[in-house]
1. What ratio of Cα Rg to 2.2 N^0.38 Å holds for the chain?
2. Mind listing the long-range amide H neighbours of residue 60? Cut-off is under 5 Å, sequence gap 5 or more, other chains count too, H placed in the peptide plane at 1.01 Å from N.
3. Go ahead and estimate [θ] at 222 nm for the chain from helices alone: -39,500 (n - 2.57) per DSSP H run with n ≥ 4, summed, over the residue count, rounded to 500.
4. What angle do you read, to the nearest 10 degrees and between 0 and 90, between the alpha-carbon axis of helix 66-85 and the longest principal axis of the chain?
5. Can you tell me which of 21, 71, 41 moves the most in a GNM of the chain? Springs connect C-alpha atoms under 10 Å apart.
6. Output the 0 to 90 degree angle, nearest 10, between the alpha-carbon long axis of helix 27-56 and the longest principal axis computed from the alpha carbons of the chain.
7. Take every Cα pair under 8 Å in the chain that's 6+ residues apart, average their separations, divide by the length, and report that relative contact order as a whole percent.
8. What do you get for the angle between helix 2-18 and the principal long axis of the chain? Use alpha-carbon atoms, 0 to 90 degrees, nearest ten.
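The values are calculated or read from the model by the stated rules, or taken from the named source; none is laboratory data. Bear in mind the structure is a predicted one, so any value in this text is a computation, not a measurement. These area figures cover heavy atoms from the full protein model, side chains too; ligands, DNA and RNA do not enter into them. Shrake-Rupley method; radii C 1.70, N 1.55, O 1.52, S 1.80 Å.
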Amino acid sequence: MLVLGHLATGYCGLLAHTIEPDGPWDTDAGAYSGFATGTGPALALVFALLTWVFVKAEWLTRRWFVVPAVPALALGVRLLAVLATA
C-alpha cells in the first residue's frame with residue numbers, strides 16, 4: 001500500500017512537471033497541471049506520515065524517509081513556481 005501511494009505521488013509530480021499548455025486558449029492543460037501541483041504535495045504529506053508510522057513501528061528502516069521527501073521537494077518547487085506566476 002505504501003509503495004502504491006508513493007507511486008501515485010510520483011505520478012502527480014510527473015504530471016505537474018510535464019503538462020504544458022499549447023497556448024493561452026488551452027485552459028484545460030493549465031487546470032490539470034494545477035490540480036496535479038496541488039494534489040501532489042498533499043499526497044506526499046499523507047504518505048510521509050504513513051512512512052513515519054511504519055518507521056516508528058520498526059517495520060521499515062529510516063532510509064524510507066527519502067522516498068516521500070524527493071517528490072515532496074520537487075512538487076514544492078513546482079508549486080512555488082506556479083504561485084509566483086499567478
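1. Output field value: 1.22.
2. Close amide H contacts, sequence-distant or interchain: 55.
3. Details: 3 runs with 67 residues, N = 86.
Calculated mean residue ellipticity at 222 nm is -27000 deg cm²/dmol.
4. With both axes taken from Cα atoms, the answer is about 20 degrees.
5. For the chain, modelled as a Gaussian network with Cα springs under 10 Å, the answer is 21.
6. Roughly 10 degrees between the two axes.
7. 34 percent
8. That helix lies at roughly 20 degrees to the long axis.
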